[in-house]
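Readers should treat all values here as calculations from the given coordinates under stated rules, not as data from a laboratory. Treat the numbers as computed from the prediction; the structure is a model and nothing was measured. Positions of Cβ are backbone-derived with ideal geometry, glycine not excepted, and every protein chain shown enters the neighbour counts.
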Amino acid sequence: MKNLFNEEMECIEILDYGGPEKLQLTKRQIPEIKEGEVLIKVHAAGVNRPDIMQRQGLYPPPPGASDIPGLEISGEIVSINSSLKNFKIGDKVCALVSGGGYATYCVAPEKQILPIPKGLTYIEAAGIPETFFTVWTNVFERGKLQKGDKILIHGGASGIGTTAIQLAKVFGAEVITTVGSDSKINKTKQLGANLSINYKTNDFVKVINEYTNNKGVNVILDIVGANYFERNCKILSKNGKLIIIAFQGGFEKKINMLPILTKWLTITGSTLRPRSVEEKGNIADQLYKKVWPIIEKKLVMPQIYGTYNLKDANKAHAAIEASDHIGKIILTNT
């Protein structure tokens, strides 16, 4: 087999911080792999909000990570430099990466790789890693969601939201979500939401308090941040948990902290990208044991809204920013 690392690959680079037009297709040398890593020929890559933030200069890659955007991929293993030997050349896989996904080849730690679930396409598999890793670690590990709990998922039509709705439902929770249009209400209900609220036309605090007879919800998965903080506290039950994973509504605001004490609330949150390979590997193991079987039964599926060719990454970013999509937008190399 010829030495791939002397070859060039196509990839997307960020010319400068700014709008989608700052993304440009270029060529670079295929990256070499270190111990514990594999090289994947990328067939598809997911597009996520952190990619948008990186392009805007708001979310730089962690030390040692590729400056090429892209946090999740699917494809075929073409080279291995790992003593783990859990995979072999030719295996079809999906992977969580810290960068480099918008390319025809991408390096991934073997511990962060999973086999493509049986019956799924490369495009579907590329929509799994970032969202499923995020939802599992936040909702089930940090939020400790239990059967019979009520969960509120903000941004229910996003990639994170559509994944969280399905997983929460299949594990026995009652699901409430907020969305930005009536068409998104219909889709989120199809995915399993018991109640879906258009936050643009309704006060979600009032609607949820009426729906729960003022008992509130046990867990909230929040992508908004400061602007929703006090409203979230109003609808959490006693011992409720607020899990913040993004700050689309800002991260600074004067707040009333009294409900944290009077309701015994837990306020937490996390980021995925800076975590260690070992931590991400542990999440991968949990997903493979507990979630892969239900994906293969089609009880939970990545929701694919649309695809763009790698060279049109700027159009994919514009589509994400328009917020009209439901589910995932994917880049393809085929």
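For the chain, a Gaussian network of Cα nodes joined below 10 Å ranks 313, 322, 65 by mean-square fluctuation, and the top entry is 322.
Would you mind ranking 331, 261, 195, 23 so that the residue whose beta carbon has the fewest other beta carbons within 10 Å leads the list?
Numbers: 331 29, 261 8, 195 19, 23 24.
Fewest-to-most Cβ neighbours within 10 Å comes out as 261, 195, 23, 331.
Note on the chain: antiparallel DSSP beta bridges, both residues inside, total approximately 55 percent of the bridges counted. Could you check what % of the DSSP bridge pairs in region 46-191 are antiparallel, to the nearest 5? Of the beta bridges lying entirely in region 46-191, close to 60 percent run antiparallel. Maximal additional length on extending the residue 35-residue 298 stretch stands at 91.2 nm, based on 0.36 nm per residue less the C-alpha distance.
Rounding to the nearest 20 debye, state how big the charge dipole of region 1-88 is about its Cα centre with +1 on each Lys and Arg Cβ and -1 on each Asp and Glu Cβ.
Around 220 debye, computed over region 1-88.
Does region 132-269 come out rounded, prolate or oblate by the C-alpha gyration tensor, with a ≥ b ≥ c the root eigenvalues, rounded set by a/c under 1.5 and, if not, prolate when a/b is larger than b/c and oblate if not? Rounded. Positive end of the dipole of the chain (Cβ unit charges, origin at the Cα centre): among 119, 152, 301, the Cα lying farthest that way belongs to 152.
Going from the residue with the fewest nearby Cβ atoms within 10 Å to the one with the most, 122, 105 rank 122, 105. Of the peptides 241-249, 286-294, the ranking by mean beta-carbon count within 10 Å, highest at the top, reads 241-249, 286-294. Placing pseudo-labels 7 Å out from each Cα toward the beta carbon at residue 311 and residue 215 gives an inter-label distance of 5.8 nm. Full extension of the chain between residue 201 and residue 7 yields a length gain of 64.4 nm, computed as 0.36 nm times the residue separation minus the alpha carbon distance.
Each Lys and Arg Cβ is given +1 and each Asp and Glu Cβ -1; about its Cα centre, the chain then shows a dipole of about 1200 debye.
Here region 132-269 is treated with +1 on each Lys and Arg Cβ and -1 on each Asp and Glu Cβ, and its dipole about the Cα centre works out to around 180 debye. If one computes the Cα centroid of region 39-64 and of region 183-262, what distance in Å separates the two points? Taking the Cα centre of each part, region 39-64 and region 183-262 sit 28 Å apart. Among 72, 124, 141, the residue with the largest mean-square fluctuation in a Gaussian network model of the chain, with springs joining Cα atoms closer than 10 Å, is 141.
Protection proxy ranking of 205-216, 297-308, by the mean of other Cβ atoms within 10 Å over each peptide's residues and highest first, is 297-308, 205-216. When the charge dipole of the chain is built from unit charges on Cβ atoms (+1 for Lys and Arg, -1 for Asp and Glu) and taken about the Cα centre, the candidate among 4, 15, 172 whose Cα reaches farthest toward its positive end is 172.
Farthest toward the positive end of the dipole of the chain, out of 256, 71, 319, is the Cα of 256, where the dipole comes from beta carbon charges about the Cα centre.
Quick one: 203, 149, fewest Cβ neighbours within 10 Å first, how do they rank?
203, 149
Database remark: amide H of residue 198 closer than 5 angstrom to the amide H of 179 (H placed geometrically; neighbours at sequence offset of 5 or more, or on other chains; Pro and chain starts carry no H).
Counting only other residues whose beta carbon sits under 13 Å from that of residue 184, what net charge do I get with K and R as +1, D and E as -1? Within the 13 Å Cβ shell, the charges total +1. Amide H to amide H, with H built 1.01 Å from N, residue 307 comes under 5 Å of 330, counting only residues 5 or more places away or on other chains. The 3J(HN,Hα) values that the Karplus relation (6.51, -1.76, 1.60; θ = phi - 60°) gives for region 86-103 are, in residue order, 7, 10, 9, 4, x, 5, 8, 9, 10, 8, 8, 10, 8, x, x, x, 7, 7 Hz. Gly and Pro appear as x. Under a 5 Å amide H cut-off, with hydrogens placed 1.01 Å from N, residue 97 pairs with 72, 73 among residues at least 5 apart or on other chains.
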